[in-house]
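Trainee: What follows is a structure written as structure tokens; I'll ask about it next.
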Amino acid sequence: MTSRRGFLSGAGLMLGAAAVSKAAVGAVPEAATQTSPLMAPPLAPSAGRPYNPVATLNGWTLPFRMKGNWKEFHLVAEPVERELAPGMKARLWGYNGQSPGPTIEVVEGDFVRIFVTNKLPEHTTIHWHGQRLPNGMDGVGGLTQPHIQPGKTFVYEFEARRPGTFMYHPHADEMVQMAMGMMGFWVTHPRDPKRVAGYQDVDRDFCFLLNAYDIEPGAAIPKVNTMLDFNLWTFNSRVFPGIDPLVCRAGDRVRIRVGNLTMTNHPIHLHGHEFVVSGTDGGWVPPGARWPEVTTDVAVGQMRALEFEATEPGDWAFHCHKSHHTMNAMGHDVPTMIGVDHKGVVDKINKLIPDYMVMSERGMADMGEMEMPLPDNTLPMMTGQGQFGPIEMGGMFTVVKVREGLGKADFKDPGPYRNPAGTVSYEWTGETLNAQRAPTSRATDINPTTGRSTGKREVILNVRKPGGHGSH
Ligand SMILES: [Cu+2]
């Protein structure tokens, strides 16, 4: 098959292989790209020291090649299209076809060479957040290196000295480039797990970044001058119900690594289990220094590794506990209408505007069910269907699905949990007592200057949700 004649005539068809073999003898390694926003199976190491690979939610791991002692990777900074959830695509900047970029996995002591090609319209750099490395490899544009101009390729070389959880992101026009989705995850596995205090092998090792965007309903490109008032809160540039579930076999020891590259903190909360924070920005936490939690705050720029035994079968919510971070973009100026009866007004408005709908007369749950007319490329504010009805979530929300009898490397969504008979909250159908109710709270009118009662008349105090999100 590989006669000289056949080889020559097949030269055109051999292009792919030729490109690989050319790369294999030198030059820049091939830059793999990913088109799917769904979780790729953990990527077992193709060479070098062994490790248990991580599972990146809605992401993938970048393949490497060995060149002598060096593990070589190629990242391409470029505009990408990212599906945030079925029904909405965003035009972001990222690496190798996706935002976030691919996860990079290496082993403590590896010599790592990363080629970075800039296909953006402006200059960039990559900062290797949390790593010990030579100062000139730290990726701070202007401070530790010249910027990487459009069309240019730079090389970063360093030894992965410390095992742990890291991130990468530009340190150039940072507010814009991170608001556009430029970031990625990095895991340095321990070379000898037994010698790293606090490190423990786990059965499933998930990772993802917290990120956020400000995309107007109907638009696809983030606003890049937003400082705090983001409206889409994402795990790895995905929102519920587009975020992969964390599928666990009952009894597994599970690690979830989280990095925060938003501009606010996120209290990350797991239902049904207690976890410990086993790793922080600086490495692994010795067992004697840990305490049990069900929520841990991940501040801006931090990485946290959470660990727990997945002993409780079920569908367990896993989410940021800021309730406006488990919602998708909305008109932020929806007033509180709880308790206000609009019926008469709506009938009149409907004569003029037939599609007009009243929202939130009884709370906002209506919006989880209603088929509201939305602009194209816009997700509902509260969405998702569970086996018992609408879930009324969005943003930073997903489900840890613990199941008996899964395969060791089975990450496939097993569908809704089948709760054993008699273990689901149920409606009381027996006799009810007449509920004793407290009288409606009232207060007398308050003089705004003195803060004292005027004693004039009674007013009902209405609870009003804050409209602005100016201080996330
Ligand atoms: Cu949050």
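The values are calculated or read from the model by the stated rules, or taken from the named source; none is laboratory data. Computed from a prediction, not measured in an experiment: that's the story for all the values here. For neighbour counting, all protein chains shown are included, and Cβ atoms are generated from backbone atoms with ideal geometry for every residue, glycine included.
Trainee: For T226, work out the one condition from (1) closer than 22 Å to K322 by Cβ; (2) surrounded by fewer than 23 Cβ atoms within 10 Å (Cβ to Cβ); (3) touching a strand residue (DSSP E or B) at 6+ places or on another chain (Cβ under 8 Å) it doesn't fulfil.
Mentor: (3)
Trainee: If I go through segment 247-269 residue by residue, how many of them are more than 16 Å from the ligand (Cβ to nearest atom) and either crowded, with 24+ Cβ neighbours inside 10 Å or over 23 Å from Q385 (Cα atoms) (or both)?
Mentor: First pass over segment 247-269, keeping only residues more than 16 Å from the ligand (Cβ to nearest atom): 247-255, 257.
Those still in the list that are either crowded, with 24+ Cβ neighbours inside 10 Å or over 23 Å from Q385 (Cα atoms) (or both) too: 248-255, 257.
Residues meeting the conditions: 9.
Trainee: Then there's this: Output yes when any residue across segment 107-116 is touching a Lys or Arg at 6+ places or on another chain (Cβ under 8 Å), surrounded by fewer than 20 Cβ atoms within 10 Å (Cβ to Cβ), at positive phi and not hydroxyl-bearing (S, T, Y), and no when none is.
Mentor: yes
Trainee: Further, regarding this structure: Given segment 171-272, what strands (runs of 3 or more DSSP E) lie entirely inside it while holding 2 or more residues that are more than 17 Å from Q98 (Cβ to Cβ)?
Mentor: Details: elements: 184-189, 204-213, 232-235, 246-249, 253-260, 266-270.
Those strands (runs of 3 or more DSSP E) span 184-189, 204-213, 246-249, 253-260, 266-270.
Trainee: Quick check on G151: is it buried (at least 23 other Cβ atoms within 10 Å of the Cβ), outside any strand (DSSP E or B) and out of contact with any helix residue (DSSP H, G or I) (no Cβ under 6 Å at 6 or more places or on another chain)? Explain how you work it out, then say what you get.
Mentor: Values: buried (at least 23 other Cβ atoms within 10 Å of the Cβ): no; outside any strand (DSSP E or B): yes; out of contact with any helix residue (DSSP H, G or I) (no Cβ under 6 Å at 6 or more places or on another chain): yes.
It is false that G151 is buried (at least 23 other Cβ atoms within 10 Å of the Cβ), outside any strand (DSSP E or B) and out of contact with any helix residue (DSSP H, G or I) (no Cβ under 6 Å at 6 or more places or on another chain).
Trainee: Also, I was wondering about something else. Is it true that some residue in segment 388-407 is exposed (fewer than 14 other Cβ atoms within 10 Å of the Cβ), under 27 Å from L232 (Cα atoms) and modelled with pLDDT under 95?
Mentor: Let us first name the residues in segment 388-407 that are exposed (fewer than 14 other Cβ atoms within 10 Å of the Cβ), namely 388-389, 404-405, 407.
Adding the requirement that they be under 27 Å from L232 (Cα atoms) leaves 388-389.
Still in the list and also modelled with pLDDT under 95: 388-389.
Checked against the condition, which is being exposed (fewer than 14 other Cβ atoms within 10 Å of the Cβ), under 27 Å from L232 (Cα atoms) and modelled with pLDDT under 95, segment 388-407 yields at least one hit.
Trainee: If I go through segment 97-120 residue by residue, how many of them are in a loop (DSSP other than H, G, I, E, B), farther than 28 Å from G283 by Cβ and over 18 Å from the mean Cα position of the chain (by Cα)? Walk me through it before giving the result.
Mentor: Looking only at segment 97-120, we keep the residues that are in a loop (DSSP other than H, G, I, E, B), and these are 97, 99-102, 108-110, 119-120.
Pick out the ones that are also farther than 28 Å from G283 by Cβ and you get 97, 119-120.
Then keep just the ones that are over 18 Å from the mean Cα position of the chain (by Cα); that gives 119-120.
Selection size over segment 97-120: 2.
Trainee: OK, next. Out of curiosity, is A32 part of a loop (DSSP other than H, G, I, E, B), within 24 Å of the chain's Cα centre (by Cα) and closer than 20 Å to E157 by Cα?
Mentor: On the way: part of a loop (DSSP other than H, G, I, E, B): yes; within 24 Å of the chain's Cα centre (by Cα): yes; closer than 20 Å to E157 by Cα: yes.
Against the criterion (part of a loop (DSSP other than H, G, I, E, B), within 24 Å of the chain's Cα centre (by Cα) and closer than 20 Å to E157 by Cα), A32 qualifies.
Trainee: Show the residue pairs that are 6+ apart or on different chains and have beta-carbon atoms under 9 Å apart, the first residue being within segment 414-443 and on the phi > 0 side of the Ramachandran plot and hydroxyl-bearing (S, T, Y), the second being loosely packed, with under 10 Cβ neighbours inside 10 Å and modelled with pLDDT of 95 or more.
Mentor: Sorted first by the residue in segment 414-443, then by its partner, the list stays empty.
Trainee: Something else about it: Just the residues that are under 23 Å from A160 (Cβ atoms) and either aliphatic (A, V, I, L, M) or modelled with pLDDT under 95 (or both), please, taken from segment 70-83.
Mentor: L75, V76, A77 - these are the residues of segment 70-83 that are under 23 Å from A160 (Cβ atoms) and either aliphatic (A, V, I, L, M) or modelled with pLDDT under 95 (or both).
Trainee: Filtering segment 275-326 down to residues that are in a helix (DSSP H, G or I) and more than 16 Å from the ligand (Cβ to nearest atom), which residue is farthest from the chain's Cα centre (by Cα)?
Mentor: Within segment 275-326, the first condition is being in a helix (DSSP H, G or I), and the residues that meet it are 287-289, 323-326.
Among the residues that remain, those that are also more than 16 Å from the ligand (Cβ to nearest atom) are: 287-289.
On the way: P287: 27, G288: 30, A289: 27 Å.
By that ranking, first place goes to G288.
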